[in-house]
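Undergrad: Quick one: the structure is below, questions incoming.
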Ligand SMILES: C[S@@+](CC[C@H](N)C(=O)[O-])C[C@H]1O[C@@H](n2cnc3c(N)ncnc32)[C@H](O)[C@@H]1O
């Protein structure tokens, strides 16, 4: 007997229905979830009663039983990922509520505030786990041919992005606001064919870079806003040659990668199979030289192409700006050095890192070494920034022997080794070893590429402190997967441009040993920086 709005059952009906539901649900579980160990009879009775009252079908009872994940039941991989997701979303929301930070809105432009939540390590870690779990779930469930084509078609997406970046779609859409703009109006401004342009924007909107607000009307997302030069669209459409001047630099960097790196990528296989370049470590054997048909290195290409050189420099300044200026202070326990200790910043550029050390540690004797033109620029910089600080700004090719009679406490090599292939690195590391005393430290500051699997070397007998990075919880990839992709991107870029590479910790260890140095510890820097510090001593 049933009333409107509520159900009334006689005892017999309850028993019959319970029993029926129980039988059906057990059958369903046996058929559909063969790997699941059997729930107890009491769990089944309780849940079947709940189902009966709620009007749930036996098939759904099976699913419900799984979701309640009794300790006796084995979880599926996607259920494990879902649990990680749920747990991490809880942690992220709690951390954001406590700090007053917002979880970013995909449809709002990037601002420093939109990323502020990452300053809290618990929130940052939770966000990484959520991304890694979601991507792994996607890899499990997306048809494998589609997954493969995410990568096969990578260069088509790059081509679409280049079209939008170079034709200033982001700036035009910024001016249109969140309601977006019809593709005909976008094309009218950037002088493109709307039927072609719309297809590229839609392709990117399918990956959350831009948003199709209504058919053929597009708006920016937080991701596309990263390409914004923040200049009026008319100005950069009329004067493309100065588009990147006085900008944050990420658009310049992306433009450089979508141009030179894109073209170099097209000839990677040819470079690896040509006997003249396949096993060479020469910078002139990099794919970029083949792509642009030049005999020299990438530097020579830039030397004869001013606009590309200018864009590259603006992009590099943008990358440098992402790195906290004071990160060098965490690279070594500088305060343990007695007053008068000599720190040599090898290939130190204009001395950006040394300026920080000179300010914080007035008693250190600092030497910045680089090639002649760079040292000229360094002199100008130090004269204006720290006119009263005694510093040695020295022209020194690091492939040559170091000046004799200098008792060096620390040789610092910041972002130098990744510019060179192994054979060249061994040459300059050997020169530094020849000039080292037994107590000299070598500090290499560079990125360290993580393995995509768990690294057992933390447990080996040598136990190098810091050698193994923080690893993601199982069943995630130990390196957190594609959310942590930037160091692999950088590695491939170093190959394309310089025939060099970013290295993993075992590779760095081997390189040091070949040049007479012994790896002692790794200082993993905090705060999202991609640079870490490797300390070595003479063997
Ligand atoms: C990527 S930059 C790093 C600069 C600096 N260490 C920093 O982190 O800001 C590499 C530096 O190595 C310098 N360099 C390249 N070849 C060199 C050589 N043979 N001898 C000395 N310096 C060199 C370059 O001029 C450049 O300043």
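Laboratory data are not the source of any read-out in this text; all were calculated from the coordinates shown. Predicted model only: the values in this text are computed from it and were never measured. With ideal geometry, Cβ positions are generated from the backbone for all residues, glycine too; neighbour counts draw on all protein chains shown.
Undergrad: If every alpha-carbon in the chain counts as one equal scatterer, what log10 I(q)/I(0) does Debye give at q = 0.06, 0.12 1/Å?
TA: Results for the chain at q = 0.06, 0.12 Å⁻¹ read -0.42, -1.30.
Undergrad: Pop out the Kirkwood hydrodynamic radius of region 394-439 from its pairwise C-alpha distances, inverse of mean 1/r, in Å to one decimal.
TA: So the Kirkwood estimate lands at 11.4 Å.
Undergrad: I'd like to compare 105-117, 440-452: which one has the highest average count of other Cβ atoms within 10 Å, and what's the full order after that?
TA: The peptides rank, most packed first, as 440-452, 105-117.
Undergrad: I've got another one for you. Specify the angular offset, from 0 to 90 degrees and rounded to the nearest 10, of the alpha carbon long axis of helix 77-99 from the longest principal axis of the alpha carbons in the chain.
TA: 70 degrees
Undergrad: If one computes the Cα centroid of region 476-539 and of region 233-249, what distance in Å separates the two points?
TA: 35 Å
Undergrad: On full extension of the chain, what length is gained from residue 270 through residue 485, given 0.36 nm per residue of separation minus the C-alpha to C-alpha distance?
TA: 74.9 nm
Undergrad: What is region 430-539's relative contact order, in percent, from Cα pairs under 8 angstrom and six or more apart in sequence?
TA: RCO, region 430-539: 39 percent.
Undergrad: Still on this model: How big is the gap, in Å, between the Cα center of region 104-148 and the Cα center of region 186-223?
TA: Cα centres, region 104-148 to region 186-223: 23 Å.
Undergrad: Related question: Averaging over all projection directions, find the projected area of the Cα convex hull of region 225-273 and quote it in nm² with one decimal place.
TA: Details: hull surface 16.8 nm².
The orientation-averaged projected area of the Cα hull of region 225-273 comes to 4.2 nm².
Undergrad: While we're looking at this one, here's another question. In degrees from 0 to 90, rounded to the nearest 10, what is the angle of the helix 372-385 Cα long axis to the longest principal axis of the chain?
TA: Relative to the chain, helix 372-385 is tipped by roughly 80 degrees.
Undergrad: Among 149, 203, what is the fewest-to-most ranking by other Cβ atoms within 10 Å?
TA: Final ranking by Cβ density, sparse to dense: 149, 203.
Undergrad: Determine the principal axes of the Cα atoms in region 456-539, then give the extent along each, sorted from largest to smallest and rounded to whole angstroms.
TA: Here the Cα extents, ordered largest to smallest, are 38, 34, 23 Å.
Undergrad: Along the three principal axes, how long is region 445-492 when you take its alpha carbons, biggest first, rounded to the nearest angstrom?
TA: Over region 445-492, Cα extents along the principal axes are 32, 31, 13 Å.
Undergrad: Okay, moving on. Below 8 Å, C-alpha to C-alpha, sequence gap of six or more: please give me the relative contact order for the chain in percent. Intermediate values should be presented prior to the final figure.
TA: On the way: 791 pairs, mean separation 57.6, N = 539.
Relative contact order here is 11 percent.
Undergrad: Suppose only helical runs count, i.e. DSSP H with n ≥ 4. What mean residue ellipticity at 222 nm does that imply for the chain under -39500 (n - 2.57) per run, divided by all residues and rounded to the nearest 500 deg cm²/dmol?
TA: -14500 deg cm²/dmol
Undergrad: On to the next question. Could you check the simple spin-label distance between residue 78 and residue 156, using points 7 Å along Cα→Cβ, in nm with one decimal?
TA: A separation of 2.5 nm, rounded to one decimal place.
Undergrad: Report the extension gain between residue 235 and residue 111 in nm, rounded to one decimal, defined as 0.36 nm multiplied by the number of residues separating them, less their alpha carbon distance.
TA: 42.4 nm
Undergrad: Evaluated at 10 °C with a viscosity of 1.306 mPa s, what Stokes-Einstein diffusion coefficient in µm²/s does region 289-395 have when Rh comes from the Kirkwood expression over alpha-carbon pairs? Kindly include the intermediate steps, with their values, before the conclusion.
TA: Working: Rh = 15.7 Å.
Rounded to a whole number, D works out at 101 µm²/s.
Undergrad: Could you work out how much longer the chain between residue 383 and residue 305 gets when fully extended? Use 0.36 nm per residue separation minus the Cα distance between them, nm to one decimal.
TA: Fully extending the segment from residue 383 to residue 305 adds 25.0 nm.
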